[in-house]
């Protein structure tokens, strides 16, 4: 019968616990999971969040917390929406660069 080193077993258990904890924290704070959605029936939708209403970290790493988006509708910011509605809202399922996007059409003035 093989002898097991108690330190090796303890190290493996601690390592597994750290990995599980890190995965859980990542999913909680970055809103990502293996399936790409943060909650059941929801999906991350880029380009639809208004300033200060983003879900969590920006895709380009400019910040790491929700509510820190500086501009409306950035392709680097996301928020959770009902699954299947992102494209209908004008968003995308992956981060995108919209820095060169044209300005919205100016409002018509009576005249």
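General observations
- Selection status of residue 47, on the phi > 0 side of the Ramachandran plot and modelled with pLDDT of 75 or more: yes
- Residue list for region 37-66, restricted to those being more than 15 Å from residue 97 (Cα to Cα) and crowded, with 19+ Cβ neighbours inside 10 Å: 38, 43, 44, 54, 55, 56, 57, 66
- Pairs, first at positive phi and in contact (Cβ under 8 Å) with a residue 40 or more places away in the chain in region 72-92, second in a strand (DSSP E or B) and surrounded by 13 or more Cβ atoms within 10 Å (Cβ to Cβ), C-beta under 9 Å, six or more apart: 84/43
- The residue that is modelled with the lowest pLDDT, among those in region 95-105 that are under 21 Å from residue 66 (Cα atoms) and surrounded by 11 or more Cβ atoms within 10 Å (Cβ to Cβ), is 98.
- Candidates 69, 10, 17: the one that is surrounded by 13 or more Cβ atoms within 10 Å (Cβ to Cβ) and at pLDDT below 95 is 69.
- The set of residues in region 87-100 that are within 23 Å of residue 40 (Cα to Cα), under 14 Å from the mean Cα position of the chain (by Cα) and in a loop (DSSP other than H, G, I, E, B) comprises 91, 93, 94, 95.
- Residues of region 54-80 that are in a loop (DSSP other than H, G, I, E, B) and under 13 Å from residue 91 (Cβ atoms): 54, 55, 59, 72, 73, 74, 75, 76, 77.
The values are calculated or read from the model by the stated rules, or taken from the named source; none is laboratory data. These numbers were taken from a predicted model, which means no experiment stands behind them. When we count neighbours, we look across all protein chains shown, and the Cβ atoms used for this are built from the backbone with ideal geometry, even at glycine.
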